[in-house]
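The values are calculated or read from the model by the stated rules, or taken from the named source; none is laboratory data. All values derive from a computational prediction rather than experimental measurement. FYI the Cβ positions are ideal-geometry reconstructions off the backbone, even for glycines, and counts take in every protein chain you see. Areas reflect the complete protein model, heavy atoms only, side chains present, ligands, DNA and RNA absent. Shrake-Rupley method; radii C 1.70, N 1.55, O 1.52, S 1.80 Å.
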Amino acid sequence: MIETDKKKFGEGESSISERFNEHKSKSRKIALSNSAERKVKLRRLEQSILKYRDEICEGMWRDFRKSSTEVDLTEIYPVLLEIRFAIKNLPDWMRDEPVATPISLFGAKSNIRVEPKGTSLIISPWNYPFHLLFAPLVSAIAAGCTAVLKPSESRPHTLKVMKQIIDECFDANEVAIVEGGVDVSTELLKLKFDHIFFTGSPEIGKVVMAAAAKHLTSVTLELGGKSPTIIDETADLNAAVSRIAWAKFINAGQTCIAPDYVLIHASQKDAFIEKMITRIEKNYGAQPADSNDLASIINQRHFDRLSNMIKSAVDGGANVIYSGVSNTTDRIISPTLIEHVPLESEMMKQEIFGPILPILTFEHKEEAVDLILSKEKPLALYVYSKSKKNIAYFLDHTTSGGVGINISAAHIGNSNLPFGGVNNSGIGKSRGHYGFMEFSNQRAIMDQKMKSGLGFLSPPYTSGKQKLISFLMKYF
Ligand code: NAD
């Protein structure tokens, strides 16, 4: 008996390996479902989410003091949008796509059929516990896959509601939540799923990819990293400040696409700081640490990590410009602006993942680009500028999963755009059609109706056949 057999699916009756086998056999039936049947499941999920909206908000308040408005905006609404987008487009996504056939394959017809990969495993992080579990689930259901869901263990109240929704909406042999921490993830990763969708840190992404490699299971890795924000000498500072403050401090900075640090033209720095302080106090009051709109830091380990990050940056010569105030009891760190941060400090090496904004300056755009290129490829890059030439320069000379021009973090809200990273910040894309495709296999189908087919090219290779090949090579 393997270790997985001792573990349970929540309060479920089946062991992990039994449930996995049930998903395997059910996946064959689900693969045959049509768009109408999948839409019914998505609508059921939509209705259930709306029914439990208050409970989701309450769970998140109890888990990390996240305000209900923020829960609606960043957890529930994005999932509803994903569901509605999938319902609207599913028939198109599922349709066979006829493609051209080269003349050398005369008589044949070619089609791309999109078929479900089969069984899927979705592992999600704690920072947007609802959104990052349910958005990939929507893609899996739309694609016709079964899904085992392994949410983060550190949001117990949210987890309880999520489990209630899943249990109410789905047969456990089709979609099931498994509760537990690293040990449970490790056991799940030993199983031969057809696709794994992981959202989390680059460090654990490597663990997931190594486990998937054992079965050659395909992976989508939605990871993180340091997303830079460039503000040039032409930027509209009022717009920049309000959008950066929103994207950086929402969820207390625990957002994968939060602006990690600001790279600002030296001529704009003082005005930016002054406006940013005003904006923070407008958003959260004169004592931001007391605001009910500022979420807490997930746990003591991360609270200590962020506190130490500030301390070691200051020890290395950094200067806290604003706040730095923390409330240990509730694990609150007030929005913090910091300058002169040494590049070799943890703050400039690690993803910050908290409400701390380092402000670095540049004189020439090349310096900003050099700094960005010295780091891993980011999940997002933000450019605040009124100069088309500068924007083009920054885009042409860098790379990232996504880009916001005069906006931050909002690109995740458009299901028409692929969402994801590059290399260290992620592999594969999610959302809308891109998410659907991650859970699908594109099957190449060629149908030759003509009797002769390619028979005329079979041996013996006569001089006539050789001439025909030469002709094709020359002209087609
Ligand atoms: P994490 O990588 O520590 O954990 C993510 C999930 O993996 C959890 O469910 C956890 O239980 C599981 N896990 C942890 N260690 C494991 C191991 N050794 N083996 C197998 N599974 C393991 O990430 P986190 O701390 O929960 O989330 C923060 C990270 O996630 C940040 O780096 C952030 O940028 C990233 N993130 C990315 C996105 C995105 O869409 N790209 C979204 C949110 C968060």
(request) Quick one: Thr158 ticks every box in (1) within 11 Å of the ligand (Cβ to nearest atom); (2) among the hydroxyl-bearing types (Ser, Thr, Tyr); (3) in contact with a Gly (Cβ under 7 Å, 6 or more places away or on another chain) except a single one, so which number is it? (result) (1)
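Here are Ile166, Ile141: which of them is free of Cβ contacts under 8 Å to residues at least 60 places away in the same chain and not in a loop (DSSP other than H, G, I, E, B)?
Checking each option against the conditions leaves just Ile166.
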(message) Can you pull out every residue in the stretch 78-126 that is touching a helix residue (DSSP H, G or I) at 6+ places or on another chain (Cβ under 6 Å) and among the charged types (D, E, K, R)?
(response) Glu82
(request) Name the one entry in Leu360, Leu395 that is under 22 Å from Ala239 (Cβ atoms), assigned to a strand (DSSP E or B) and either assigned by TED's automatic domain parsing to the domain that holds Glu281 or touching a Pro at 6+ places or on another chain (Cβ under 7 Å) (or both). (result) Leu360
(request) Go through the stretch 407-460 and count every residue that is open to solvent by less than 20 Å² (accessible area, probe 1.4 Å), within 16 Å of the ligand (Cβ to nearest atom) and not in a loop (DSSP other than H, G, I, E, B). (result) 6
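Restricting the stretch 233-262 to residues that are of a type in the set (Val, Ile, Thr) and farther than 16 Å from Ala410 by Cα, which is nearest to the ligand (Cβ to nearest atom)? Full working, then the answer.
Going through the stretch 233-262, the residues of a type in the set (Val, Ile, Thr) turn out to be 234, 241, 244, 250, 255, 257, 262.
Subset that is farther than 16 Å from Ala410 by Cα: 234, 262.
Details: Thr234: 30, Val262: 18 Å.
Here the answer is Val262.
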(request) Scan Ile230, Ile277, Ile273 and give me the residue that is of a type in the set (A, V, I, L, M, F, W, C), open to solvent by less than 10 Å² (accessible area, probe 1.4 Å), more than 13 Å from the ligand (Cβ to nearest atom) and more than 17 Å from the chain's Cα centre (by Cα). (result) Ile230
(request) Out of the residues in the stretch 189-215 that are more than 8 Å from the ligand (Cβ to nearest atom) and surrounded by 21 or more Cβ atoms within 10 Å (Cβ to Cβ), state the one that is farthest from Gly421 (Cα to Cα). (result) Leu191
(request) Please go through the stretch 130-153 and pick out each residue that is out of contact with any Leu (no Cβ under 7 Å at 6 or more places or on another chain) and more than 14 Å from His195 (Cβ to Cβ). (result) Phe130, His131, Leu132, Phe134, Ala135, Ser152, Glu153
(message) Under 6 Å between Cβ atoms, which residue pairs at least 6 apart in sequence (or on different chains) link something in the stretch 275-286 that is touching a residue at least 60 places away in the same chain (Cβ under 8 Å) with a partner that is of a type outside the set (Phe, Trp, Tyr)?
(response) Met276/Val241
(request) Could you grab me the full set of residues in the stretch 139-153 that are within 12 Å of the ligand (Cβ to nearest atom) and within 17 Å of the chain's Cα centre (by Cα)? (result) Leu149, Lys150, Pro151, Ser152
